[in-house]
Amino acid sequence: MLDIGVQTKGILPEMTVEKGFEMIKKAGFNRVDINIDTFLKNSDLYAGNVNKFFDASVEELFIYFNQYRQAMEKFGIRPSQCHAPYPVKVDGRGAQNEYMQGTVIPKSILVAEFLGVPWVVIHPFKMQYIYGRDRERRENIEYFKMLVPLLKQCKVGVCFENLYEGLGARIVEGVCANPDDAVWYIDTLNEYAGEELFGFCLDTGHLQLVKREPYEFIKKLGSRLKALHLHENDAVGDLHQMPYTFGKNENDGQKWEQIFKALREINFGGTLSFETYPCMNSFPKAMSSSVLEAIHSIGEYMAQRIENI
């Protein structure tokens, strides 16, 4: 049976670390996606407001995140992945981009090693609608090649994610939204590294937004698929709500049965990890434990479907 995980965003740092992990454990989860990106939010980065969290030394960061490590050990929870701050590159923000690429991302990888995280989800640069896909590919490959020595040192891998972009009033495909594009990035970088340091994190909500078929995407990824962001939306906004909450019938919304079939066929051995933090905000705070239990029960159902399909 596959492990079931949930992200810390929406739980931490809103409450104490021990209380947060205790609630996660009581809901039934044995895996967690650690959101390092909560300490440097994407909304602030897009606005050019960079806080000083990552100005701390690596040793100071280890002291802070040691409470995470202790709580995971206490409650028997292991990390399946973590999410680094993003965007790593914003057009026209030279100093900010240098800080993100030279300080924030390397320190995030070191924190991942400290916490025992196998895969760090890092958003690749989104550039194609300004400079074209060729330059987007070139600059992404150049940057992520630079991370290879650190990844080898830390024994930590990087997962790309299928992204979308807003173009005018439309949502369009971003970098790695095409499965062939995703495969090219992973294979090119792993060939350069000489080992499997790069994989993929499939975001099911982003598939809906750009109208990509999940079965085809997963089958093309094959063993390159290392992590999941499971959530659902109305195919209009990136709502990050729990599965099976959009539509009047069980077959409405995301094509979950396609996903289960494909995961079974590629022998996916990772974690069913839910990226559903808005549920922690949209429901009353007094219901947080019940909401987590509901999400975990959906994970149990999914794991059974994948096993028995």
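The values are calculated or read from the model by the stated rules, or taken from the named source; none is laboratory data. Because the structure is a prediction, the values reported are computed rather than measured. Using ideal geometry, Cβ is built from the backbone for each residue, glycine included, and neighbour counts are taken over all protein chains shown.
Can I109 be described as more than 24 Å from L209 (Cβ to Cβ), in contact with a Ser or Thr (Cβ under 7 Å, 6 or more places away or on another chain) and assigned to a helix (DSSP H, G or I)?
Details: more than 24 Å from L209 (Cβ to Cβ): yes; in contact with a Ser or Thr (Cβ under 7 Å, 6 or more places away or on another chain): no; assigned to a helix (DSSP H, G or I): yes.
Against the criterion (more than 24 Å from L209 (Cβ to Cβ), in contact with a Ser or Thr (Cβ under 7 Å, 6 or more places away or on another chain) and assigned to a helix (DSSP H, G or I)), I109 does not qualify.
Can you tell me which residue in the range 151-195 is modelled with the highest pLDDT, limited to those that are among the aliphatic types (A, V, I, L, M) and more than 20 Å from the chain's Cα centre (by Cα)?
A193
Kindly establish whether A286 is hydrophobic (A, V, I, L, M, F, W, C) and either under 20 Å from Y215 (Cα atoms) or surrounded by 16 or more Cβ atoms within 10 Å (Cβ to Cβ) (or both). Even if it seems obvious, please write down each step before you answer.
On the way: hydrophobic (A, V, I, L, M, F, W, C): yes; either under 20 Å from Y215 (Cα atoms) or surrounded by 16 or more Cβ atoms within 10 Å (Cβ to Cβ) (or both): no.
It is false that A286 is hydrophobic (A, V, I, L, M, F, W, C) and either under 20 Å from Y215 (Cα atoms) or surrounded by 16 or more Cβ atoms within 10 Å (Cβ to Cβ) (or both).
Considering every residue within the range 292-299, establish whether at least one is within 23 Å of V156 (Cβ to Cβ), crowded, with 16+ Cβ neighbours inside 10 Å, in contact (Cβ under 8 Å) with a residue 12 or more places away in the chain and touching a helix residue (DSSP H, G or I) at 6+ places or on another chain (Cβ under 8 Å). Steps first, please.
Going through the range 292-299, the residues within 23 Å of V156 (Cβ to Cβ) turn out to be none.
No - not one qualifying residue is present in the range 292-299.
Looking at the range 277-290, I want the residues that are more than 16 Å from T8 (Cβ to Cβ) and have a partner that is modelled with pLDDT of 95 or more and polar (S, T, N, Q) with Cβ atoms under 9 Å, at least 6 apart or on another chain. Which pairs are those?
Sorted first by the residue in the range 277-290, then by its partner, the pairs are S282/Q241; F283/S290.
Could you please find all residues in the range 121-150 being within 30 Å of K74 (Cβ to Cβ) and either assigned to a helix (DSSP H, G or I) or free of Cβ contacts under 8 Å to residues at least 60 places away in the same chain (or both)? First the steps, then the outcome.
In the first step, residues of the range 121-150 are kept if they are within 30 Å of K74 (Cβ to Cβ); the result is 121-122, 150.
Passing the criteria: I122, L150.
Of all residues in the range 93-120, which are farther than 15 Å from C154 by Cβ, in contact (Cβ under 8 Å) with a residue 40 or more places away in the chain and among the polar types (S, T, N, Q)? Quick ask: steps written out before the conclusion?
From the range 93-120, those farther than 15 Å from C154 by Cβ are 93-104; that's our starting set.
Now drop any that are not in contact (Cβ under 8 Å) with a residue 40 or more places away in the chain, which leaves 93, 96, 99-101, 103-104.
If the condition is that a residue be farther than 15 Å from C154 by Cβ, in contact (Cβ under 8 Å) with a residue 40 or more places away in the chain and among the polar types (S, T, N, Q), then Q96, Q101, T103 are the ones that fit.
Does Q70 satisfy the criteria of being touching a helix residue (DSSP H, G or I) at 6+ places or on another chain (Cβ under 9 Å) and over 23 Å from L197 (Cα atoms)? If you could, list the steps in order and put the result at the bottom.
Details: touching a helix residue (DSSP H, G or I) at 6+ places or on another chain (Cβ under 9 Å): yes; over 23 Å from L197 (Cα atoms): yes.
So Q70 passes the test.
Within the bounds of the range 163-179, is there any residue that is in a helix (DSSP H, G or I) and out of contact with any strand residue (DSSP E or B) (no Cβ under 6 Å at 6 or more places or on another chain)? Walk me through how you get there before you give the answer.
Start the filter on the range 163-179 by keeping residues that are in a helix (DSSP H, G or I), which leaves 179.
Next, only the ones that are out of contact with any strand residue (DSSP E or B) (no Cβ under 6 Å at 6 or more places or on another chain) stay: 179.
Checked the range 163-179: at least one residue is in a helix (DSSP H, G or I) and out of contact with any strand residue (DSSP E or B) (no Cβ under 6 Å at 6 or more places or on another chain).
Specify the residue that is surrounded by the most Cβ atoms within 10 Å (Cβ to Cβ); the eligible residues are those in the range 210-256 that are in contact with a strand residue (DSSP E or B) (Cβ under 7 Å, 6 or more places away or on another chain) and at pLDDT below 95.
G253
Only one of M72, M100 is touching a Gly at 6+ places or on another chain (Cβ under 9 Å) and at pLDDT 95 or above; which?
Details: M100 fails: touching a Gly at 6+ places or on another chain (Cβ under 9 Å).
Answer to the check: M72.
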